[in-house]
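In what follows, a structure is listed as structure tokens, so that the remarks can point back to it.
Derivation of every value follows stated rules applied to the coordinates shown; laboratory data play no part. Keep in mind that what you see is a predicted model, and the values were worked out from it rather than measured. All Cβ positions, even for glycine, are placed from backbone atoms using ideal geometry, and neighbour counts span all protein chains on display.
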Amino acid sequence: MDNNTLKQRDLRTLWHPCTQMKDYGEEGTLPLLPIQRGEGVWLYDFDGNRYLDAISSWWVNLFGHANPRIGNAVKEQLDQLEHVILAGCTHEPVVELCERLIDITPEGLDRVFLADNGSAGVEVALKMSFHYWRNVDRPQKTRFIRLSNSYHGETLGALSVSDVPLYSATYEPLMLDVITVPAPDCFDREDGETCADVARRQFDHMEQALAEHADEAAAVIVEPLVQCAGHMRMYDPEYLRLLREACDRHGVHLIADEIAVGFGRTGTLFACEHGPITPDFMCLSKGLTAGYLPMAAVLTTDTIYQAFYDDYEKLNMFLHSHSYTGNPLACRAALATLDIFDSDPVLERNRELAAHIDKRLEPLREHPHVADVRQHGMIAAVELVQDKSRRTPYPWQERRGLHIYRHGLTRGALLRPLGNVSYLMPPYVITEEQIDFLVEVMTEGIEKAVRA
Ligand SMILES: *Cc1c(COP(=O)(O)O)cnc(C)c1O
């Protein structure tokens, strides 16, 4: 096999996610990347080129590609039990995983429901919250409160509570009727304001929405600290503390979607620890299996669980199911991932790596077209603008970020900017030298993007 042959075969048959296929067609300007194998932070194509995976393959990979510790755990499980129905059956990997998830997540999350991808996990949390209120005789609580610029997945319910018009505008007639509250985005800080100030100022909108809609609102859903798909916009943990208190006061659930930020990305194992807060529902996926197999977990409280625990005839139970719920191979990958967190100083090392990223990105703050360099732990983003003093964005039609993407590929780096925001969210096995390389390539790419 070689790069070209595989590309031709692909373009005759596949329809790629999140892609205008014409970009890759005859007149397209984007190269499709055929990957033969991965090793650590590197992805190798068929013609001997390699690319540093700066985005952890869409934020899923934690400990590098083809990690033998995770790979061997999955291989061993393969000879034992590949899958079994989880309704009426149980198995060791699933029980051990749920026990350990309860141990490591915030105090008070004592039940685990499993699904097989992030969006499905969000659907579970939304349905469970809505259903809880019915079960406790509050059937008028049917609506969800979301933040502006939020992203929670692509299935219709998850898309409804997302606010990225690029993905959802087309489907507006199919969307749930949700309540949108302006995000506490620190990019919008005024002169002299800290991110905590922005959080407190913006919380007024949330307080107002909760006061106004408490009778009809089932839950507020947020991505703690970083709105990843929403151009890596970030906010202060103060907002989480205020939100937890207000949700309790108004009797509205809090759903923390930690699908992207969980498992160490923001510096702590879970972003909610920055509060610290315990949400009523915590959605996990992506890093849960370190990027090995699709799986999601929704953790919730005993209070929620008890509202469904009843005589069959009451028909109160949560009947949601997915064929691959609790897949043993995925559970083994997740357990091996947790073993690595247990045995290696992952978070300590990440702190050093994050400090290094911060130091290396520092000079970009002075760049005439860089409006913001922001970071929460192992997520760092650089936002390009046309006019720095007014923070005027480049028109989206110019697709400036693609210059960085294309340049990265010629230099052996898989950087995949979100619009005008270039970011690093690498596997934790990256070295300081590799970070230096990525920042160098990103800086060159930014020069190309602003000159284009
Ligand atoms: C990726 C993501 C999802 C959706 O997960 P999928 O597995 O892609 O369906 C939901 N929420 C957040 C915050 C995400 O980043």
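A few comments on the model shown:
- Environment charge at residue 94 (Cβ cut-off 12 Å; Lys +1, Arg +1, Asp -1, Glu -1): -1
- Taking a straight Cα-Cα cut-off under 23 Å and skipping sequence neighbours fewer than 8 places away in the same chain, the lysines within cross-link reach of residue 141 are 127, 314.
- The relative contact order of the stretch 71-343, computed from alpha carbon pairs under 8 Å that lie at least 6 residues apart in sequence, is 28 percent.
- The stretch 248-320-the stretch 115-184 distance, computed between alpha-carbon centres (Å): 14 Å
- Peptides 124-134, 167-177 ranked from most to least packed give 124-134, 167-177, packing being the mean of other C-beta atoms within 10 angstrom over each peptide's residues.
- Environment charge at residue 7 (Cβ cut-off 14 Å; Lys +1, Arg +1, Asp -1, Glu -1): -4
- The chain: calculated mean residue ellipticity at 222 nm from DSSP helix runs of at least 4, using -39500 (n - 2.57): -11500 deg cm²/dmol
- Amide H to amide H distances under 5 Å link residue 111 with 300, where only residues 5 or more positions off or on other chains count and H is placed in the peptide plane.
- Derived scalar couplings between HN and Hα for the stretch 188-194 equal 8, 5, 8, 3, x, 8, 8 Hz in order, rounded to whole Hz, by the Karplus curve 6.51 cos²θ - 1.76 cosθ + 1.60 (θ = phi - 60°), x for Gly and Pro.
- Each of 435, 329, 67 was scored by the projection of its Cα onto the charge dipole of the chain, and the greatest displacement toward the positive side belongs to 435; charges sit on the C-beta of Lys, Arg, Asp and Glu.
- Neighbour counts of other Cβ atoms within 10 Å put 228, 195, 272, 283 in the fewest-to-most order 195, 228, 272, 283.
- Scoring 87-96, 381-390 by mean Cβ neighbours within 10 Å over their residues and listing the highest first yields 381-390, 87-96.
- Taking a straight line from the alpha carbon of residue 388, these lysines sit under 30 Å away, with near neighbours fewer than eight places off in the same chain left out: 359, 448.
- The ranking of 136, 161, 421 from fewest to most other beta carbons within 10 Å of each one's beta carbon is 136, 421, 161.
- Magnitude of the charge dipole, the chain, Cβ model with Lys/Arg +1 and Asp/Glu -1, debye to 20: 1060 debye
- The relative contact order of the stretch 171-254 comes to 34 percent, based on Cα pairs under 8 Å that sit 6 or more residues apart.
- All other residues whose Cβ lies under 10 angstrom from that of residue 304 are scored, Lys and Arg at +1 and Asp and Glu at -1, for a net of -2.
- Projected over all directions and averaged, the alpha-carbon convex hull of the chain occupies 22.4 nm².
- Applying a 4.7 Å Cβ-Cβ cutoff to the chain leaves 18, 89, 98, 228, 247, 272, 283, 331 as cysteine residues with no disulfide-compatible partner.
- Computed from the C-beta positions of residue 72 and residue 190 and an R0 of 45 Å, the FRET efficiency is 0.25 to the nearest 0.05.
- Computed from the Cβ-Cβ distance with R0 of 25 Å, the FRET efficiency linking residue 8 to residue 410 stands at 0.70.
- For the stretch 181-259, a crude dipole built from +1 on the beta carbon of Lys and Arg and -1 on the beta carbon of Asp and Glu, taken about the Cα centre, is about 160 debye to the nearest 20.
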